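Contents: one structure, followed by commentary.
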Amino acid sequence: MNTIDLHMHSIFSIDGTYQPEELYAMCKKQGIRYMAIADHNSVRGSRKLLDVKKEDDPAVVPAIELDCTCEGKDFHLLGYGIDVKDPVYEKIENDFLSQEIQNGEARLAYTREKIGFQFEDAVIDRLKILGVITPEAIMEACMMDERNRKHERMQPYLEGGSRSDNPMVNFYWDYFSQGKEGYVPTVFPKLRDMVDMIHSQGGLAVLAHPGNNVKEEEALLKAVISCGIDGMEVYSSYHSAEQIQYYKKKAQEAGLLETCGSDFHGKTKPSIHPGQCDCPDKEREILEKALKKIL
């Protein structure tokens, strides 16, 4: 049984479903001993749980997932053991949200005009989180609209389709992630700067789900490692068995920590559950020792 999940999202992520306290209860029920709420560009979920939790098991690792760039490529950087009360995180979140509110309008237009899906504006308004309409929420609205059921582009996301395991987040990856036609450019901080910030607070900087962003590009991975990261999320719900072995080897060659995270969100990734990703006993022991140093 896996006892570590260092990558979960709460309602304070623009695409999360559950309150921090609900995530804590789920982890406790699962027998998880170390957990982290790593919301997108926000420490509010992590901070709230740290403020209200009254038990020591599971241990809560202060965390965040930061959007940042390296070599012109967008990455997600996990920060562990950070100071969640540092005002720098409020600025990071506000900068991110102000851009995402504008980006949402562009994505709505693309979905209607280029993809050809239909949706009700009133439904879109109900699905907004923190004023943001995410690609996942757009897809949720489109899947609720019967007019789209026979649309050719909707078929992969419906039951039995090739993208039906996590249709909402898959819609994001297929149409709005970097390199896709519907991608909306966003100004993110430099990865190296975010690594330095995390280190200045005594924390650990870990590259999230590298298989999704690095895609086994050796030169790109080398550039990311050169920014001073402490670890890679080797054990991720996104990774195939082959990718796990690839990033395990690369992490060990670079002397990096191998971390474990489900990237649980809730309804936007229905096939993912807390504690879903396991890691071998040896790596778990090393990871637990590293976590104890930052708690």
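Of the residues making up region 42-88, just one is polar (S, T, N, Q) and either at pLDDT below 95 or surrounded by fewer than 24 Cβ atoms within 10 Å (Cβ to Cβ) (or both), namely T69.
Scanning region 114-132 for residues that are in a loop (DSSP other than H, G, I, E, B) and either modelled with pLDDT of 95 or more or surrounded by 13 or more Cβ atoms within 10 Å (Cβ to Cβ) (or both) returns G116, F117, Q118, F119, E120, K128, L130.
The sole residue among H199, H265, H209 that is modelled with pLDDT of 95 or more and over 18 Å from the mean Cα position of the chain (by Cα) is H199.
Do you know which residues across region 172-187 are over 17 Å from the mean Cα position of the chain (by Cα), more than 17 Å from T69 (Cβ to Cβ) and not charged (D, E, K, R)? Scanning region 172-187 gives Y175, G182. Contact map, region 162-182: residues that are closer than 19 Å to L127 by Cβ paired with residues that are of a type in the set (V, I, T), Cβ distance under 6 Å, separation 6+ or inter-chain. Pairs shown: M168/T268; V169/T268. Identification of strands (runs of 3 or more DSSP E) wholly contained in region 6-80 with 1 or more residues that are of a type in the set (K, R) and in contact (Cβ under 8 Å) with a residue 40 or more places away in the chain yields 73-80. A count restricted to region 198-255 and to residues that are part of a helix (DSSP H, G or I), closer than 20 Å to D278 by Cβ and not small (G, A, S) stands at 12. Of all residues in region 133-153, exactly one satisfies the criterion of being within 16 Å of Y172 (Cα to Cα), assigned to a helix (DSSP H, G or I) and either among the polar types (S, T, N, Q) or without any contact (Cβ under 8 Å) to a residue 24 or more places away in the chain (or both), namely A141. Scanning region 154-197 for residues that are of a type in the set (S, T, Y) and in a helix (DSSP H, G or I), we see that the one that is farthest from K215 (Cα to Cα) is Y157. All of K128, K150 fail the test of being more than 28 Å from S10 (Cα to Cα) and of a type in the set (D, E, K, R), apart from K150.
Please go through region 114-173 and pick out each residue that is of a type in the set (V, I, T) and closer than 20 Å to H273 by Cα. Of everything in region 114-173, just one residue is of a type in the set (V, I, T) and closer than 20 Å to H273 by Cα, namely V169.
The values are calculated or read from the model by the stated rules, or taken from the named source; none is laboratory data. Remember, predicted model here, so these are calculated numbers, not experimental data. With ideal geometry, Cβ positions are generated from the backbone for all residues, glycine too; neighbour counts draw on all protein chains shown.
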